[in-house]
1. I'd like to check something: does region B:59-75 contain any residue that is within 14 Å of chain A (Cβ to nearest Cβ), surrounded by 13 or more Cβ atoms within 10 Å (Cβ to Cβ) and among the charged types (D, E, K, R)?
2. Yes or no: region B:17-38 includes at least one residue that is surrounded by fewer than 20 Cβ atoms within 10 Å (Cβ to Cβ), closer than 28 Å to B:PRO81 by Cβ and of a type in the set (Phe, Trp, Tyr).
3. When you go through B:THR108, B:THR92 one by one, which is the residue that is out of contact with any helix residue (DSSP H, G or I) (no Cβ under 9 Å at 6 or more places or on another chain) and β-branched (Val, Ile, Thr)?
4. Considering A:THR5, A:THR71, A:THR108, which residue is among the hydroxyl-bearing types (Ser, Thr, Tyr) and closer than 29 Å to B:GLY9 by Cα?
5. For region A:83-113, name all the residues that are in a strand (DSSP E or B), small (Gly, Ala, Ser) and more than 9 Å from chain B (Cβ to nearest Cβ).
6. Out of the strands (runs of 3 or more DSSP E) lying entirely within region B:45-109, which hold 1 or more residues that are under 16 Å from B:MET34 (Cβ atoms) and in contact (Cβ under 8 Å) with a residue 12 or more places away in the chain?
7. If the Cβ limit is 9 Å and pairs must be 6+ apart or interchain, which residue in region B:18-42 that is on the phi > 0 side of the Ramachandran plot pairs with which residue that is at pLDDT 95 or above and assigned to a loop (DSSP other than H, G, I, E, B)?
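The values are calculated or read from the model by the stated rules, or taken from the named source; none is laboratory data. These figures come from a predicted structure and were not determined experimentally. Methodologically, a virtual Cβ is constructed for each residue, glycine included, from the backbone with ideal geometry; neighbour enumeration extends over all protein chains shown.
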Amino acid sequence: NAGVTQTPKFRILKIGQSMTLQCTQDMNHNYMYWYRQDPGMGLKLIYYSVGAGITDKGEVPNGYNVSRSTTEDFPLRLELAAPSQTSVYFCASRPLAGTGEQYFGPGTRLTVT
Amino acid sequence: QKEVEQDPGPLSVPEGAIVSLNCTYSNSAFQYFMWYRQYSRKGPELLMYTYSSGNKEDGRFTAQVDKSSKYISLFIRDSQPSDSATYLCAMTPGGSEKLVFGKGTKLTVNP
């Protein structure tokens, strides 16, 4: 199993551009999450999904959109990128059962200039 | 009061030292407690999890939960330079979709 994979690893965007961060998991997990991590600020939840077709906002959803058409994929869309969206983005997943532990991807490092 | 508080450090220790990392929390509903390790420029990886109060040991690592004090700890014995990383605590009430994370403590083990 590859676990949680994310693409791209790095990206530089200009202000106002759009992009999609890809996340795929091959563990058949129901739950998937998007976080951003800024230096010294910990992980902040952007959006999450409890299954295909169901998504919900987290702590910092403004400027982002998500969709979940399959169990495996949970892309994060940035529209009209702003410098405040410069961050490291992590996707995570967890199974329906269990104790709530989440499994993380390697991250996408995004710079908006 | 924040739901989870974690001293950000940084913490620097010599190789072989015993390391103690801690988090406090305010929500008495938390039942599942986790520690994640995050190497520089990598994603967090699950290190240990415990349910309710008590200790759990895995090799050089021991996780401890004191629900009466709302305090959790991670002890690392015989610390190694390869333990240098940021350690994040996380917790959940159970039955919740979300984890609540601490901000992480950066640990450096010097050879």
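1. Of region B:59-75, the ones within 14 Å of chain A (Cβ to nearest Cβ) are B:63, B:65.
Imposing the further condition that a residue be surrounded by 13 or more Cβ atoms within 10 Å (Cβ to Cβ) reduces the set to B:63, B:65.
Going one step further and asking which of them are among the charged types (D, E, K, R), we end up with none.
No; the residues of region B:59-75 include none that is within 14 Å of chain A (Cβ to nearest Cβ), surrounded by 13 or more Cβ atoms within 10 Å (Cβ to Cβ) and among the charged types (D, E, K, R).
2. Looking for residues that are surrounded by fewer than 20 Cβ atoms within 10 Å (Cβ to Cβ), closer than 28 Å to B:PRO81 by Cβ and of a type in the set (Phe, Trp, Tyr), one finds none in region B:17-38, hence no.
3. Working: B:THR108 fails: out of contact with any helix residue (DSSP H, G or I) (no Cβ under 9 Å at 6 or more places or on another chain).
Answer to the check: B:THR92.
4. A:THR108
5. Just the residues of region A:83-113 that are in a strand (DSSP E or B), to begin with: A:87-94, A:103-104, A:108-112.
Next cut, small (Gly, Ala, Ser) only: A:87, A:92-93.
Residues satisfying the conditions are A:SER87, A:SER93.
6. Numbers: elements: B:45-51, B:54-58, B:61-66, B:71-76, B:85-92.
Filter on region B:45-109 gives B:45-51, B:61-66, B:71-76, B:85-92.
7. B:ARG41/A:PRO106; B:ARG41/A:GLY107
Yes/no per residue for (1) within 17 Å of the chain's Cα centre (by Cα); (2) farther than 23 Å from A:GLU59 by Cα; (3) assigned to a loop (DSSP other than H, G, I, E, B):
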| residue | (1), (2), (3) |
| --- | --- |
| A:ASN1 | no, yes, yes |
| A:ARG11 | yes, yes, no |
| A:LEU21 | yes, no, no |
| A:THR24 | yes, no, no |
| A:TRP34 | yes, no, no |
| A:LEU45 | yes, no, no |
| A:TYR48 | yes, no, no |
